[in-house]
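Take a look at the structure set out below.
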């Protein structure tokens, strides 16, 4: 599995407006298992739908780059790490539950 970059150019904000928050995400997966592939596909879809033009997504295969799992303090896969905007957050497990992922990313409030 290769690294993916979903980054796109961000349009400048109009006068008096704050630029939209940029999200920097790392998704740690374990090879090309069905679960890993589903996590990548689900997360890319979610990002394109909710963060279009304002995210960077790096997919890291911990089988190919085990040292990255150690550096990122990842003990299970899939794990999503939201580096920016702060606070740093980790989401472990199934990325198919969109409402859970949106809540963890701070894009949705608790019901």
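Counted as qualifying within the range 54-108 are the strands (runs of 3 or more DSSP E) with 1 or more residues that are within 14 Å of residue 22 (Cα to Cα), namely 55-61, 79-84. For the structure I just gave you, tell me whether residue 39 is surrounded by 12 or more Cβ atoms within 10 Å (Cβ to Cβ), in contact with a strand residue (DSSP E or B) (Cβ under 9 Å, 6 or more places away or on another chain), modelled with pLDDT under 95 and in a helix (DSSP H, G or I). No, not satisfied.
Can you confirm whether the range 10-24 contains a residue that is under 14 Å from the mean Cα position of the chain (by Cα), in a loop (DSSP other than H, G, I, E, B) and either surrounded by 15 or more Cβ atoms within 10 Å (Cβ to Cβ) or modelled with pLDDT of 95 or more (or both)? Yes, some residue in the range 10-24 is under 14 Å from the mean Cα position of the chain (by Cα), in a loop (DSSP other than H, G, I, E, B) and either surrounded by 15 or more Cβ atoms within 10 Å (Cβ to Cβ) or modelled with pLDDT of 95 or more (or both). Scanning the range 76-111 for residues that are closer than 11 Å to residue 28 by Cα and in contact with a helix residue (DSSP H, G or I) (Cβ under 8 Å, 6 or more places away or on another chain) yields 77, 78, 80, 91.
When the range 51-70 is filtered for residues that are farther than 16 Å from residue 36 by Cα and out of contact with any helix residue (DSSP H, G or I) (no Cβ under 6 Å at 6 or more places or on another chain), the ones remaining, listed by number, are 51, 52, 53, 54, 56, 67, 68, 70. Of 32, 79, all but one fail to be free of Cβ contacts under 8 Å to residues at least 40 places away in the same chain and touching a strand residue (DSSP E or B) at 6+ places or on another chain (Cβ under 9 Å); the exception is 32.
The values are calculated or read from the model by the stated rules, or taken from the named source; none is laboratory data. Keep in mind that what you see is a predicted model, and the values were worked out from it rather than measured. Quick reminder, even Gly has a Cβ in these numbers, built from the backbone with ideal geometry, and neighbours come from all protein chains shown.
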